[in-house]
Amino acid sequence: MMPSHPKVTHDIRESYLSDGVVKIPGAVSGEWLSEIASMAEDELAAPGKWVTDTNPGAKTNRLFTSRYRWKTDSVVNRYVYESGIAQMAATLMGSSTARLYFDHLLVKEPRTEAPTPWHQDIPYWPFWGKQICSAWVSVDEATVAESSLEFVRGSHAWNSYFAPQAFDGSKNWTSDFQGEPAPDVAGARDEFDIVGFDVEPGDAIFFSAWILHGAPGNAGDRRRTALSTRWLGDDVTWYPHPGSDPTVTDEDTNVESGQYPDDDRHFPLVYAS
Ligand SMILES: O=C(O)CCC(=O)C(=O)O
């Protein structure tokens, strides 16, 4: 059966398929946002295992990220299962199911200089397939001028696979990945069809794991908190490779390379139509 979600209209789905990205206004309700904001406070105070932090403890100029908390954090766990975000992801992808890959908290304190460099997500992840997307939900109002996301429209369909890079700009994410470097979108913006989304609290930006995207730091004077969840559809297979994110590796799962990842311990089935 074709999955559906009331907030995913025909036009929204068509935009996702052609552009590789779409915004769904008001995708997540205010109660979730308050819970995510306070979860972020807790996480900043007592970070989990999978954290990057450009300026520990600082109140400004700090990019803090924390991944893979759905097993241990009750807010993230309930959000994954109960917010409806999995069904929206499945509907957009045209998939009858949605499995969670991981959750990713991204906090940018006021006047954070470090941008999120232009990148594709797929080369960082140990999966292959076209039905892989993120649901990036902002807790705060965020403009493209200050801190929201931008995309190269249609780049999900280029069939490119760009080498992963570290987000702090100082070192390689991995030294053993042989791949084409991502194009210098920031340095030649006029040459690309760039689309950005200002967001209100609770808006979700859904985007393909194959699309080139980036974001400024935070030029504003308020914290920008976003929770991105990463979703796997029916066509996805396990594809561990040099440069894959180490939160879940080949040693953690019985899934064989090239197989559909039906491992509920690590990639739980959250939605099935
Ligand atoms: O929140 C950001 O600034 C970047 C988010 C991002 O790149 C992602 O969710 O894949």
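Every number in this text was worked out from the coordinates using simple rules, so none of it is lab data. A quick note: this is a predicted structure, and the numbers were derived from the prediction, not measured. Methodologically, a virtual Cβ is constructed for each residue, glycine included, from the backbone with ideal geometry; neighbour enumeration extends over all protein chains shown.
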- Long-range amide H contacts for W50: which residues qualify at under 5 Å (H placed 1.01 Å from N, peptide plane, sequence gap of 5 or more or a different chain)? R67
- Query: Using 0.36 nm per residue, how much length does the chain from T9 to Y260 gain when fully extended, once their Cα-Cα distance is taken away?
  - Reply: 87.5 nm
- Work out the charge dipole of the chain with +1 on the Cβ of Lys and Arg and -1 on the Cβ of Asp and Glu about the Cα centre, then indicate which of L63, Y16, A215 is farthest towards its positive end. L63
- Once normalised by the length of region 10-265, the mean sequence separation of its alpha carbon contacts under 8 Å that are 6 or more apart gives a contact order in percent of 30
- Query: Using 13 Å as the cut-off for backbone N distance, which residues of region 105-147 belong to the label zone defined by a point 7 Å from the Cα of D198 along Cα→Cβ?
  - Reply: 141-147
- Net length gained if the chain between M2 and D250 were fully extended (0.36 nm per residue, minus Cα distance): 86.1 nm
- Query: Relative contact order (percent) for region 17-123, with alpha-carbon contacts under 8 angstrom and 6 or more residues of separation?
  - Reply: 29
- Query: Classify the chain: rounded, prolate or oblate, from the alpha-carbon gyration tensor (a ≥ b ≥ c, eigenvalue square roots; a/c under 1.5 rounded; otherwise prolate if a/b is larger than b/c)?
  - Reply: rounded
- Message: Can you tell me the length gained on complete extension of the stretch W128 to D42, counting 0.36 nm per residue apart and subtracting the Cα distance?
- Response: 27.6 nm
- Taking only C-alpha pairs under 8 Å that are 6+ residues apart, what is the relative contact order of region 85-169 in percent? 37
- Query: Placing +1 at every Lys and Arg Cβ and -1 at every Asp and Glu Cβ, with all other atoms neutral, what dipole size does the chain have around its Cα centre, in debye to the nearest 20?
  - Reply: 280
- Task: Largest first and to the nearest Å, give the Cα extent of region 83-213 along each principal axis.
- Result: 37, 35, 27
